[in-house]
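Structure first, commentary second.
The values are calculated or read from the model by the stated rules, or taken from the named source; none is laboratory data. For clarity, every value in this text was computed on a predicted model and none was experimentally measured. Every residue, glycine as well, gets a Cβ built from its backbone with ideal geometry; the counts of neighbours run over all protein chains shown. Side chains included, ligands, DNA and RNA excluded: accessible areas come from the protein's heavy atoms. Shrake-Rupley method; radii C 1.70, N 1.55, O 1.52, S 1.80 Å.
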Amino acid sequence: MVYPCFMEKGRLPRILILTAGYGEGHHSAARGVRDALAGRAEVRVTDLCAEAMPGMFRVTRAAYLWIISRTPRLWKLMYEVSDRRNLAEKPVKGLGPVEHLLERLLREWKPDAVVSTYMVYPYMLDSLAARTGKAVPYLTVVTDSCVINKSWLCSESPLWAVTDPWTREIMVEKGLPPDRLRVTGFPVNPGLGALAREHPVSWREGEPFRVLYFAQRSARHARAELEAMLEADPAISVTCILGRRFRRIYPRIRELRARYGRRLTVRGWTRRVPSYLSASHVVVGKAGGATVHEVLAAARPMLVNFLLPGQEEGNARLLERLGGGRHVPDARALASALAGMMADGGAPWRRMHENLLKANMTGGSGRIADLVLKLAQERTN
């Protein structure tokens, strides 16, 4: 039995997109699918955890951010524990208000299909279907690559959208039905896919070699890495994005701006990341799912300067398999990697860029939008 759904003639299908603020990847994926559905569906994006339990969400999110930035070893332990847990048999406790909100949205807004970008919500959809006898078709967007936690795997999801063939193979090996897995790519902003085509990038000796650097660790790390990159070769110029860490980090790197002049540009929070990305030869940053796949969609090689144990190791592994980047554990390795890319007239960098162009990691948002619209259509028919 399904929730009653009689689509009025001429009405756009209603798609509910579920996300959660524990990591930017879930929100980024939700926005990508939303943008791809523009004009094709009536869309509602909801962070169920933030709306149902705002106080608890703020506390748990702050704890999550503190753990991943200050105690990655503790995060690794938590990840390994979650990788042994079947959420269908042992649901996360204390999320009753979240499931109640979801039930109310399904009853009152009556979506024709649901997209979940967070691993917990599919179990709630299954629970509601079993408890009420009513179900709504849904699609699970897996925001990790190559390393897949068990929390993604134990629901009754009709479809899983995954980023690449290697991830699909891993999920099949872990027992998922192959006919319910679709390789779509990560749902990045649809406009990012045009960067590689509309803004081709090249480099020759004597020209600036532009690095886009995301400072996502401490001020000490940022200073050491900036200095190492700028000393590696006089052709290197760096655009440093500090985001909301501007006040904390900028006083520690102000002197570098005076020393290196126009070779170092510093920005705080900005909406212009896509334009900076299109103008860059290399990206340096954390191996978050959204960041890595945005860089892949733009076909810019990436050097990963920090990764969380677990899922972010998989994102770095995907970069290596595509031949478009790798992990650099410290400032010295970062400087050496950049110098190596520029050697022999930039031939190593050029090969990496061409590898990513051939991989064509674009279009994920559109493919997922097509899948969920098909689910909605099959239901109403």
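A count restricted to region 69-90 and to residues that are assigned to a helix (DSSP H, G or I) and touching a Ser or Thr at 6+ places or on another chain (Cβ under 6 Å) stands at 1.
When GLY261 is tested against (1) of a type outside the set (A, V, I, L, M, F, W, C); (2) touching a helix residue (DSSP H, G or I) at 6+ places or on another chain (Cβ under 9 Å); (3) modelled with pLDDT of 90 or more, only condition (2) is not met.
In region 44-91, the qualifying residues are those that are polar (S, T, N, Q) and within 22 Å of the chain's Cα centre (by Cα), and the one that is least open to solvent (accessible area, probe 1.4 Å) is THR46. Scanning region 146-160 for residues that are without any contact (Cβ under 8 Å) to a residue 24 or more places away in the chain and open to solvent by 20 Å² or more (accessible area, probe 1.4 Å) yields a single hit, LEU153.
Quick one: which of VAL282, VAL304, VAL292 is out of contact with any Leu (no Cβ under 6 Å at 6 or more places or on another chain), over 27 Å from GLY21 (Cα atoms) and crowded, with 20+ Cβ neighbours inside 10 Å?
It is VAL282.
Among the residues of region 190-200, write down those that are surrounded by fewer than 19 Cβ atoms within 10 Å (Cβ to Cβ) and either touching a Gly at 6+ places or on another chain (Cβ under 8 Å) or more than 14 Å from ALA297 (Cβ to Cβ) (or both). Matches in region 190-200: PRO200 only. Annotation note: of ARG58, ARG104, the sole residue that is within 22 Å of THR380 (Cβ to Cβ) and either without any contact (Cβ under 8 Å) to a residue 12 or more places away in the chain or of a type in the set (Phe, Trp, Tyr) (or both) is ARG104.
Is it the case that region 333-355 has a residue that's under 20 Å from the mean Cα position of the chain (by Cα) and in a helix (DSSP H, G or I)?
No: region 333-355 contains no residue that is under 20 Å from the mean Cα position of the chain (by Cα) and in a helix (DSSP H, G or I).
Residues satisfying the criterion are absent from region 111-122 (criterion: aromatic (Phe, Trp, Tyr), more than 30 Å from ALA215 (Cβ to Cβ) and over 24 Å from the mean Cα position of the chain (by Cα)).
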